[in-house]
Amino acid sequence: QMHLVESGGGLVQAGGSLRLSCAASRRTFSSYVMGWFRQAPGKEREFVAAIRWSDSSTSYADSVKGRFTISRDNAKNTVYLQMNSLKPEDTAVYYCAASLRQIGIPSLSYEYNYWGQGTQVTVSS
């Protein structure tokens with residue numbers, strides 16, 4: 001069974017930082033990519049960042065490049081999203097997701113197979 005649990009969300013002022021964590025169980029099912037998505041009220045869920053377990057290759061949405069960093073700790077089966085220079089437009093529920101896609105790094109919601117329940121990130125101005 002694959003279970004994803006996010007943590008680290010909260011309320012910060014613009015310009016501040018947060019680090020999100022996603023702990024994954026990988027005993028029964030194997031994932032190839034771990035990603036972060038976010039969804040703000042009235043908007044579609046959008047891709048934020050992703051990383052491959054095997055080689056740590058990464059992909060970022062243009063809106064977060066240079067500000068967010070995704071990383072992994074294989075020993076802990078945990079993926080992190082370090083968010084710096086946060087902006088009010090970063091406010092959203094952030095979801096951790098796992099993909100079984102073996103080629104490339106997917107950036108669409110339907111390409112991910114398992115999802116966490118989300119953690120709220122609110123950036124005040």
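A few points about this structure:
- Boolean, Y114 is touching a residue at least 60 places away in the same chain (Cβ under 8 Å) and over 21 Å from G10 (Cα atoms): yes
- Subset of the range 9-58 [among the basic types (K, R), within 13 Å of the chain's Cα centre (by Cα) and either modelled with pLDDT of 95 or more or not in a strand (DSSP E or B) (or both)]: R19, R38, R45
- A40 closer than 17 Å to G116 by Cα and either crowded, with 19+ Cβ neighbours inside 10 Å or among the β-branched types (V, I, T) (or both): no
The values are calculated or read from the model by the stated rules, or taken from the named source; none is laboratory data. If you're wondering where the values come from, they're calculated on a predicted model, not measured in any experiment. So basically every Cβ, Gly included, is an ideal-geometry build from the backbone, and we count neighbours across all protein chains shown.
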